[in-house]
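The values are calculated or read from the model by the stated rules, or taken from the named source; none is laboratory data. These numbers come from a predicted model, not from an experiment. Neighbour counts run over all protein chains shown; Cβ positions are idealised from the backbone, glycine included.
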Amino acid sequence: MIIFQKDILNCTPTPEELTENFLTPQSRFFVRSHGILPSSFTESTYRVSVSGLVSSEAHFTLEELQQNFETVEQILTIQCAGNRRAELNDLKTIPEEVLWNNAAISTARWTGVRLKDILVALGMDESAKHLEFLGADIATRENKETPFGASVPIEKVLAGDVLLALALNGEPLTLAHGAPLRVVIAGYYGARSVKWLSHIIARHDESPNFFQQRSYKVFEPTVNYKTADWSRPSAISVMPINSTITYVERTSSGEVTLKGYAIVGDDTIQAVEVSFDEGNSWHNATLTSEVIKSVWVFWEYRASGITQGTSVIVRAKDSQNRTQPATLEEVWNFKGYQNNAYHRMTL
Ligand SMILES: Nc1nc2c(c(=O)[nH]1)N[C@H]1C(S)=C(S)[C@@H](COP(=O)(O)O)O[C@H]1N2
Ligand SMILES: [Mo]
């Protein structure tokens with residue numbers, strides 16, 4: 001793994017390794033953390049509490065969750081909102097953030113229970129509009145200690161898109177990935193998929209947690225730390241369409257093989273296109289994996305007669321014909337989130 005930070009563990013596989021497996025092995029699944037990893041939990045005494053605007057509050061052991069609710073399996077991709085931040089930083093410095101490459105994204109088959117089923121069983125107040133999640137880890141922000149937290153709108157939960165996961169690719173979660181229980185949300189950026197889940201709270205409003213209110217918001221390119229009005233932008237949620245190159249091979253005779261992934265949170269990828277002439281002409285890449293909503297798709301393109309030093313650009317399209325912004329300039333923001341500009345590489 002490439003270690004971006006060690007004391008507070010942040011790491012990715014190499015981009016080449018990332019797209020070797022459609023389902024990322026847990027040992028290669030990127031890790032994003034904001035605090036020191038909590039010490040491991042004793043599974044028999046671990047409990048997650050459900051409180052707030054519910055008819056009856058409850059605490060569940062892992063065994064109770066598995067016994068009382070249907071076990072579901074779902075393939076889902078987790079992408080960090082800071083994925084591809086390094087490219088933005090190359091354009092204009094982004095201080096004090098992890099300068100992720102394009103491998104802060106991974107996909108797994110998750111096993112768990114649906115949060116919807118739990119809330120239906122407990123009975124929810126009609127005035128509940130958001131579900132807040134708190135993790136057991138502590139981060140330090142603006143000189144204060146805060147647990148990592150987030151929230152999602154109730155509609156997302158009722159759609160069955162929020163999973164409480166116990167296993168990844170059939171293995172129990174490792175501590176780095178949130179053992180023994182974490183949230184996984186279909187189609188949203190990773191920041192809402194709270195690890196080491198300790199509390200679920202049904203609320204009228206969004207989570208007041210630092211990571212929901214004072215982080216993970218996208219400002220215009222002209223805004224900076226000093227001028228940011230955090231109450232203005234909405235919290236990052238659905239992943240916009242994105243695609244990148246993870247593998248490049250060029251033989252001395254000019255045969256080129258390109259590979260990568262594409263993803264969109266609320267749709268499916270229809271096409272991935274590459275250009276060798278600054279976007280004047282585009283060529284369809286081959287989609288080499290299953291196409292599943294909210295899950296990455298792999299693509300590959302082979303060409304010949306490509307000279308060294310050629311600049312290659314990739315972009316994706318979804319079923320609504322949406323595509324990516326063309327330039328880094330238009331997506332740059334001082335926190336370096338949500339970079340989904342056309343990905344460019346020089347061969
Ligand atoms: N408790 C807790 N949950 C968390 C985080 C965290 O720091 N603490 N990081 C979030 C972010 S920003 C991302 S991108 C994903 C990453 O999940 P992974 O480390 O399993 O890849 O976890 C999310 N859940
Ligand atoms: Mo993230």
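Go through the residues of the stretch 326-333 one by one and say whether even a single one is acidic (Asp, Glu), touching a strand residue (DSSP E or B) at 6+ places or on another chain (Cβ under 7 Å) and not in a loop (DSSP other than H, G, I, E, B).
no
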The stretch 31-40, residues that are within 13 Å of ligand 1 (Cβ to nearest atom) and farther than 18 Å from residue 149 by Cβ: 31
In this structure, is residue 297 within 28 Å of residue 109 (Cβ to Cβ), assigned by TED's automatic domain parsing to the domain that holds residue 323, free of Cβ contacts under 8 Å to residues at least 40 places away in the same chain and touching a Leu at 6+ places or on another chain (Cβ under 7 Å)? yes
Within the set of pairs 6+ apart or on separate chains, which have a first residue in the stretch 143-158 that is in the same structural domain as residue 36 (by TED's automatic domain parsing) and farther than 18 Å from residue 266 by Cβ, a second that is modelled with pLDDT of 95 or more and away from ligand 1 (no atom under 16 Å from the Cβ), and C-beta atoms under 8 Å apart? 151/130; 151/203; 151/206
Inter-residue pairs, beta-carbon under 7 Å, first at positive phi and in the stretch 187-213, second part of a loop (DSSP other than H, G, I, E, B), 6+ apart: 187/161; 187/239; 187/265; 187/266; 187/294; 196/38; 196/178
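If you scan the stretch 91-115, which residues turn out to be without any contact (Cβ under 8 Å) to a residue 60 or more places away in the chain and either away from ligand 2 (no atom under 16 Å from the Cβ) or basic (Lys, Arg) (or both)?
Step one: of the stretch 91-115, the residues without any contact (Cβ under 8 Å) to a residue 60 or more places away in the chain are 93, 95-96, 111, 113-114.
93, 95, 111, 113, 114, listed by residue number.
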Considering the stretch 207-235, residues that are under 20 Å from residue 137 (Cβ atoms) and buried (at least 18 other Cβ atoms within 10 Å of the Cβ), and then whichever is nearest to the chain's Cα centre (by Cα), we arrive at 216
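Can you tell me which residue within the stretch 90-113, out of those that are part of a strand (DSSP E or B) and within 25 Å of residue 260 (Cα to Cα), is nearest to ligand 1 (Cβ to nearest atom)?
Per the criteria, the residue is 106.
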Could you check the stretch 114-139 and list, in sequence order, the residues that are more than 16 Å from ligand 1 (Cβ to nearest atom) and among the β-branched types (Val, Ile, Thr)? 118, 120
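Here's the yes/no breakdown for (1) of a type in the set (Phe, Trp, Tyr); (2) more than 20 Å from the chain's Cα centre (by Cα); (3) surrounded by fewer than 22 Cβ atoms within 10 Å (Cβ to Cβ):
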position	(1), (2), (3)
128	no, yes, yes
144	no, yes, yes
165	no, no, no
169	no, no, yes
I'm checking my understanding of the structure. Among residues of the stretch 49-70 that are in contact with a helix residue (DSSP H, G or I) (Cβ under 9 Å, 6 or more places away or on another chain) and under 30 Å from residue 21 (Cβ atoms), which one is farthest from ligand 2 (Cβ to nearest atom)? 70
Count - residues of the stretch 2-30 that are polar (S, T, N, Q), within 25 Å of residue 148 (Cα to Cα) and more than 13 Å from ligand 1 (Cβ to nearest atom): 0
Out of the stretch 13-56, which residues are among the aromatic types (Phe, Trp, Tyr), surrounded by 18 or more Cβ atoms within 10 Å (Cβ to Cβ) and more than 30 Å from residue 248 (Cβ to Cβ)? 46
Suppose we filter 39, 44 for residues that are more than 16 Å from residue 121 (Cβ to Cβ), without any contact (Cβ under 8 Å) to a residue 12 or more places away in the chain and not aliphatic (A, V, I, L, M); which single one remains? 39
Is one or more of the residues making up the stretch 57-68 at pLDDT 95 or above, within 20 Å of the chain's Cα centre (by Cα), surrounded by 20 or more Cβ atoms within 10 Å (Cβ to Cβ) and hydrophobic (A, V, I, L, M, F, W, C)? no
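Take residue 265 and tell me if it is within 26 Å of residue 185 (Cα to Cα) and either surrounded by fewer than 17 Cβ atoms within 10 Å (Cβ to Cβ) or not charged (D, E, K, R) (or both).
yes
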